[in-house]
Amino acid sequence: MTMTFAAALGVGAVLVACGAFTAAWRREPVAALAALPMLAAGAAVCMAGVSRFSAGAADPQTGEELAALAAVVGLAAAILGRAMTGRRAER
């Protein structure tokens, strides 16, 4: 199966929509942090698709590193936010 530009943007849009729905559905701020990795993953998939199918991309695997970095940053932001809100609740 070959990945097309439309498929990459479609998967990214679905991930971002699921993340936005998760953030809007949760009432507590700590539970809404679960949406951050999903939002970051959706943005990462879109960025990877754009960089892979851009006119100047010589390597077909271009953009995968950026996608992994964005996913890790989203996960780290969720962990940091959870740690900060947990610390406030203890006080």
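The values are calculated or read from the model by the stated rules, or taken from the named source; none is laboratory data. Computed from a prediction, not measured in an experiment: that's the story for all the values here. Every residue, glycine among them, receives a Cβ derived from its backbone with ideal geometry; neighbour counts consider all protein chains shown.
Could you tell me whether Thr85 is at pLDDT below 80 and not in a helix (DSSP H, G or I)? No: the conditions fail for Thr85. Considering only residues in segment 48-63 that are under 28 Å from Ala34 (Cβ atoms) and touching a helix residue (DSSP H, G or I) at 6+ places or on another chain (Cβ under 6 Å), the one that is modelled with the lowest pLDDT turns out to be Gly63. With respect to Ala43, determine if the residue is exposed (fewer than 13 other Cβ atoms within 10 Å of the Cβ), small (Gly, Ala, Ser) and at pLDDT 80 or above. Against the criterion (exposed (fewer than 13 other Cβ atoms within 10 Å of the Cβ), small (Gly, Ala, Ser) and at pLDDT 80 or above), Ala43 does not qualify.
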